Ligand SMILES: CC(C)(COP(=O)(O)OP(=O)(O)OC[C@H]1O[C@@H](n2cnc3c(N)ncnc32)[C@H](O)[C@@H]1OP(=O)(O)O)[C@@H](O)C(=O)NCCC(=O)NCCS
């Protein structure tokens with residue numbers, strides 16, 4: 001069981017780090033992997049109520065790797081901590097499966113030193129759902145939830161829940177559109193709501209893009225019904241031809257009338 005989970009961890013590093021050349025390299029040279037193995041040991045001790053020993057093993061892990069994972073944190077399968085120096089994972093953090101963290105990430109409390117007694121044994125660190133990626137220096141603070149597949153940009157500070165699939169950057173973190181704007185348009189046009197977006201301005205723009213796309217669709221269908229062609233360009237050309245003919249006929253008619261008048 002333990003061996004299988006270690007094998008899965010190694011494969012996850014191979015899959016997610018383009019610099020990894022062999023499994024042996026990961027076992028020997030990856031501090032993120034070493035920290036994970038020591039975390040599994042410290043966590044087992046913690047769950048068996050060997051609190052001091054658990055903390056001590058976690059401290060050894062920190063000395064060796066520069067990665068601090070509290071033994072009380074709950075971590076799912078295939079976590080990859082790439083480079084890892086300066087990562088801090090607090091006591092009540094929860095991490096799902098297939099999560100990736102880079103160096104300098106903090107999963108911390110909002111104000112641990114204020115009224116610290118009242119915070120003992122209270123959830124004060126974030127929950128990261130499956131497939132989350134947190135870029136280097138990302139700070140995720142408080143008992144918030146980062147939804148499945150969400151991405152936090154390098155050096156972003158997140159203090160509010162993030163919806164699944166959102167990419168958030170900046171301080172405070174706000175949603176951004178992906179580079180592929182066409183895909184973003186389709187995303188909205190086919191009805192995926194923008195309410196998951198944490199930035200109200202971006203959410204409004206997304207809604208407007210959705211409405212424009214719906215209107216474009218409607219115009220296209222009307223043109224198709226009017227001119228009987230599925231091709232948008234052809235429909236446009238037909239429309240232009242029809243409009244020119246109409247103008248021409250009006251002109252001819254008015255000339256005829258004026259001719260008759262003169
Ligand atoms: C957040 C991230 C995942 C977004 O990647 P992406 O989906 O390809 O997004 P894009 O590059 O299209 O960027 C979208 C917008 O966000 C901006 N942006 C991207 N990352 C940002 C960041 N960390 N901080 C501030 N703005 C950022 C881009 O400039 C772009 O803005 P624009 O639309 O005004 O041009 C990525 O930029 C990132 O920060 N990854 C972390 C990588 C890391 O930590 N590497 C360490 C390896 S050692």
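Criterion applied to 142, 138 was being within 22 Å of residue 85 (Cα to Cα) and more than 16 Å from the ligand (Cβ to nearest atom), and the one residue passing it is 142. The residue that is farthest from residue 32 (Cα to Cα), counting only those in the range 105-151 that are part of a loop (DSSP other than H, G, I, E, B) and without any contact (Cβ under 8 Å) to a residue 12 or more places away in the chain, is 115.
Comparison of 164, 172, 126 shows that the only residue that is touching a strand residue (DSSP E or B) at 6+ places or on another chain (Cβ under 7 Å) and within 16 Å of the ligand (Cβ to nearest atom) is 172. Considering only the range 46-67, I want to know if a residue exists there that is under 22 Å from residue 133 (Cβ atoms), modelled with pLDDT of 95 or more and in contact with a helix residue (DSSP H, G or I) (Cβ under 6 Å, 6 or more places away or on another chain). Looking through the range 46-67, at least one residue is under 22 Å from residue 133 (Cβ atoms), modelled with pLDDT of 95 or more and in contact with a helix residue (DSSP H, G or I) (Cβ under 6 Å, 6 or more places away or on another chain).
A count restricted to the range 98-111 and to residues that are under 19 Å from residue 67 (Cβ atoms) and either away from the ligand (no atom under 16 Å from the Cβ) or at pLDDT below 95 (or both) stands at 2.
The values are calculated or read from the model by the stated rules, or taken from the named source; none is laboratory data. Just so it is clear, the model here is predicted, and its values are computed rather than measured. Note: ideal-geometry Cβ built from the backbone for every residue, glycine included; neighbour counts use all protein chains shown.
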